[in-house]
Amino acid sequence: DNNKPINVLTGIDYWLDNLMCNVPELVMCFHVNGIVQKYEMIKTEDIPNLENSTFSTRVVKDIAQNILSFLKSNCTKEGHTYWLFK
């Protein structure tokens, strides 16, 4: 449904995927019963500002930095497996 916006978690997922893989844009394909109705191209930098999907890229990057710092400090034994729990 091209009138229904994506949710914020989907937006973050798409944005992170594109950012990590250096993909410049996202293509949304809208279909009804398997028949394509419309395509929409969205630049990666515009994903955080989509309707009902707004998020702060700074906050996401800060959280990622905190996780990496934690891993670097606490996961110090080479060849070991670590489980992260919230």
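Look through Asp46, Asp13, Asp1 and report the one residue that is more than 15 Å from the chain's Cα centre (by Cα) and either among the charged types (D, E, K, R) or modelled with pLDDT under 90 (or both).
The conditions single out Asp1.
Sort through Phe30, Phe55, Phe70 and tell me the only one that's aromatic (Phe, Trp, Tyr), within 14 Å of the chain's Cα centre (by Cα) and surrounded by 11 or more Cβ atoms within 10 Å (Cβ to Cβ).
From the options Phe30, Phe55, Phe70, the qualifying one is Phe55.
Is it the case, given these coordinates, that Met41 is exposed (fewer than 13 other Cβ atoms within 10 Å of the Cβ), closer than 24 Å to Phe85 by Cβ and hydrophobic (A, V, I, L, M, F, W, C)?
In short, no.
The values are calculated or read from the model by the stated rules, or taken from the named source; none is laboratory data. Nothing here was measured: the structure is a model prediction, and the numbers come from that model. Positions of Cβ are backbone-derived with ideal geometry, glycine not excepted, and every protein chain shown enters the neighbour counts.
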